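These notes concern the structure reproduced below.
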Amino acid sequence: MDKYAVIGNPIAHSMSPLIHRQFAEQTGQELSYEKILSPLEHFSETVQDFIRSGGMGCNVTLPFKEQAFQLATRHSEDAELAGAVNTLSCEEEGIFGDNTDGEGLINDLKYHQVPLTKARVLLIGAGGAARGVLLPLLRAGVDALHIANRTPSKAQDLEKLVFKKGNVSASGLDNKWSQPFDIIINASSSGLSGERPDISSEIIGQETYVYDMVYGQQQTPFNQWAEQQGAVKVIDGLGMLVEQAALSFSIWRGVMPDTQSVRQALRNNLS
Ligand code: ATR
């Protein structure tokens, strides 16, 4: 049977096996998909061992996405810009590294009917998660992308990466905001510690869609706050998890699974 896996540390709570097994069942593909805990110092060996044992591809999660980029011998454009890889595929001549996180976000925004074309977008955060979605957002035809980060210099570093590819600007969180944004994406990890970025409510209007890449049993602090400020819709990152997995699956198997049924199963799995 064709072997796939997700590799990370920690990995116990990964829902990727649940997702990929459902995709396999739904598309009639015979494959196995397991979780692998890699020692922090031995990511490369863990991948090589998996490939030697017949592994055909794997997802890579925290904290190894940058190391996976180094390990890959060929990269997609999205992986190049992200400097990180979440999908490795064995090829005859090496290992192909792609990053489906950004396109996964775009597909989830589309699923939720968030109008991307000509939108003024605020991206909060400037770590790996933010970097991974820059290019897909610009490709989706947004009108303007502003990156705001607690540490302003990191937002400016991201701006430099993509300033040739669209209308991009950067600042700290304490910028003077002239009008609400159409779409706000929280790519900061603040929600993981039960916090939200300290930013003015002027960024939110009655037509603003708000997306928090974090998800959990409870609504995230940022989405809770955004709803109180009158955002038209708030969305968490669970759908992005499913969509990035669907794109990985299609890279490996050449067929794009339907994500709708898996979304519900995952939501149930959270509660
Ligand atoms: P990831 O790979 O998830 O992006 P990261 O590279 O550690 O993780 O980046 C975390 C991001 O969340 C950073 O942009 C960080 O801001 P700083 O660059 O100023 O550290 C942001 N972040 C984390 N906690 C935050 C908080 N409480 N408020 C605002 N931003 C926060």
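Every read-out reported here was derived from the displayed coordinates using simple, explicitly stated rules and does not represent laboratory data. Computed from a predicted model, the values in this text were never measured in an experiment. A quick note on method: Cβ atoms are made from the backbone with ideal geometry, for glycine too, and the neighbour counts reach across all protein chains shown.
Please give the FRET efficiency for LYS3 paired with LYS110, using the beta carbon to beta carbon distance and R0 = 25 Å, rounded to the nearest 0.05.
Numbers: r = 31 Å, r/R0 = 1.25.
After rounding, the FRET efficiency stands at 0.20.
Add -39500 (n - 2.57) for each DSSP H run of 4 or more in the chain, then divide by its residues: what number comes out at 222 nm, to the nearest 500 deg cm²/dmol? Numbers along the way, then the final one.
Numbers: 11 runs with 102 residues, N = 271.
Taking each H run of at least 4 residues, the total per residue is -10500 deg cm²/dmol.
Taking trypsin sites (Lys or Arg not before Pro) that fall in a DSSP loop and have at most 15 other Cβ atoms within 10 Å as cut points, what is the longest piece of the chain between them? Could the numbers behind the result be given before it?
Details: sites that count: LYS118, LYS176.
My reading of the result: 1-117 is the longest stretch.
Could you size up the charge dipole of the chain around its Cα centre, putting +1 on the beta carbon of Lys and Arg and -1 on that of Asp and Glu, and report it in debye to the nearest 20? Kindly include the intermediate steps, with their values, before the conclusion.
Numbers: 22 positive and 32 negative charges, 88 e Å.
The calculated dipole for the chain is roughly 420 debye.
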Practice item. Among the lysines, select those whose C-alpha is under 30 Å from the C-alpha of LYS164, and discard any that sit fewer than 8 residues away in the same chain. Key: LYS65, LYS110, LYS118, LYS154, LYS176
Check your understanding: Cross-link partners among lysines for LYS160, C-alpha distance below 17 Å, same-chain residues fewer than 8 apart left out?
Key -> none
**Study point:** Under 5 Å, built H, 5+ apart or other chain: amide partners of ILE147
**Key:** LEU123, SER169, ALA170, SER171
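For the chain, what proportion of DSSP beta bridges, expressed in % and rounded to the nearest 5, is antiparallel?
Details: 8 of 43 bridges.
Rounded to the nearest five, the antiparallel share is 20 percent.
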**Study point:** Length gained when the stretch LEU40-ALA265 is fully extended (0.36 nm per residue, less Cα-Cα span)
**Key:** 77.9 nm
Check your understanding: Taking the range 102-238 on its own, what percent of its Cα-Cα pair distances exceed 20 Å?
Key -> 38 percent
Point to revise | D (Stokes-Einstein, µm²/s), Kirkwood Cα radius, the range 101-146, 0.692 mPa s at 37 °C | key: 310 µm²/s
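Can you give the extra length, in nm with one decimal, that the chain gains between GLN179 and GLU227 once fully stretched, where that is 0.36 nm per residue apart less the Cα-Cα distance? Let's see the in-between values first.
Working: separation 48, 0.36 × 48 = 17.28 nm, distance 1.76 nm.
Stretched out fully, the GLN179 to GLU227 stretch lengthens by 15.5 nm.
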**Study point:** Neighbourhood net charge (12 Å Cβ-Cβ; Lys/Arg +1, Asp/Glu -1) for PRO180
**Key:** -2
Revision key, fill the gap. The computed P(r) of the chain puts the percent of Cα pairs beyond 25 Å at 44 percent
Exercise for review: Have a look at VAL47, ALA79, PRO10 and report the one farthest towards the positive end of the charge dipole of the chain, computed about the Cα centre with Cβ charges (Lys/Arg +1, Asp/Glu -1).
Suggested key: ALA79
Check your understanding: Dipole of the chain (Lys/Arg Cβ +1, Asp/Glu Cβ -1, origin at the Cα centre): which of LEU31, TRP252, GLN156 lies farthest to the positive side?
Key -> GLN156
Practice item. Using only the alpha-carbon atoms of the range 1-136, report the extent along each of the three principal axes, biggest first, to the nearest angstrom. Key: 48, 34, 31
